[in-house]
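The values are calculated or read from the model by the stated rules, or taken from the named source; none is laboratory data. Quick caveat: nothing in here was measured; it's all calculated off a predicted structure. Every residue, glycine among them, receives a Cβ derived from its backbone with ideal geometry; neighbour counts consider all protein chains shown. In case anyone asks, the SASA skips ligands and DNA or RNA and just uses the protein heavy atoms, side chains included. Shrake-Rupley method; radii C 1.70, N 1.55, O 1.52, S 1.80 Å.
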Amino acid sequence: QVQLVESGGGLVQTGGSLRLSCAASGRTLSTYGMAWFRQAPGKEREFVVAIDQSGVGTRYSDSVKGRFTILRDNAKNTVYLQMNSLNPEDTAVYYCAADRAGWGLRTTNAYDYWGQGTQVTVSS
């Protein structure tokens, strides 16, 4: 069993930056694919970015490409999401997810474990 805890969310102005963290316990994350998803009020949960178990393969949604970066630190059992050039459309609850298969795919049903989410609000 893997427990995931997100942190780092908050309120930021348009153009600002935040770094989210996802700390895991229970198992080492080194063999898991990891991803960040987000869900805005009244909308479905959407894919943001994923990284495979090797740390080499990454996938980004078009809406965040060039602005967001996913990083994994297996020694700290933590995955990060660096978010730059934020805009109000990025406002959502951000969720970390872990995939036992290690692929780091774009779909929610590929993931076995989820965190509780952290709120990111970008003011205009």
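So the values come out like this:
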| item | result |
| --- | --- |
| For the chain: accessible area per residue (Å², 1.4 Å) | 49 |
| Separation of the Arg27 and Ser61 label points, Cα + 7 Å toward Cβ, nm | 2.5 |
| Phi-based couplings in Hz for region 31-45 (Karplus 6.51, -1.76, 1.60; Gly and Pro marked x) | 9, 9, x, 10, 8, 10, 10, 9, 9, 8, x, x, 10, 6, 5 |
| Estimated dipole of region 60-124 in Debye, rounded to 20 [Cβ of Lys and Arg +1, of Asp and Glu -1, Cα centre] | 160 |
| Region 10-67 - charge dipole about Cα centre, Lys and Arg +1 at Cβ, Asp and Glu -1, debye rounded to 20 | 100 |
| Theoretical gain in end-to-end length, Asp73 to Thr107 [0.36 nm per residue, Cα-Cα removed] | 10.0 nm |
| Fully extended contour minus Cα-Cα distance, from Asn87 to Arg45, at 0.36 nm per residue | 13.3 nm |
| Rg/Rg_ref, the chain, where Rg_ref = 2.2 N^0.38 Å and atoms are Cα | 0.96 |
| Cα-Cα pairs of region 1-56 separated by more than 12 Å (percent) | 75 |
| Around Cys22: net Lys/Arg minus Asp/Glu count, Cβ-Cβ under 12 Å | +1 |
| Fluctuation leader among Leu81, Leu20, Leu11 - the chain, Gaussian network, Cα springs under 10 angstrom | Leu11 |
| Of Ala40, Ala92, Phe68, farthest towards positive along the dipole that unit charges on Lys, Arg, Asp, Glu beta carbons give the chain | Phe68 |
| Residue of Gly102, Gly42, Gly57 that the Gaussian network model of the chain assigns the largest fluctuation, springs spanning Cα pairs under 10 Å | Gly42 |
| Theoretical FRET efficiency, 1/(1+(r/R0)^6), r = Cβ-Cβ of Gln1 and Ser124, R0 41 Å, to 0.05 | 0.50 |
| Accessible-area composition of region 1-120, carbon plus sulfur, in percent [1.4 Å probe] | 48 |
| For region 82-89, Karplus couplings with θ = phi - 60° (6.51, -1.76, 1.60), whole Hz, Gly/Pro x | 8, 10, 10, 6, 5, 9, x, 5 |
| Cβ-defined net charge surrounding Gln116, 14 Å radius [Lys, Arg +1; Asp, Glu -1] | +1 |
| For region 114-124, 3J(HN,Hα) per residue [Karplus equation, 6.51 cos²θ - 1.76 cosθ + 1.60, θ = phi - 60°, Hz, x = Gly/Pro] | 9, x, 8, x, 9, 7, 10, 10, 10, 8, 8 |
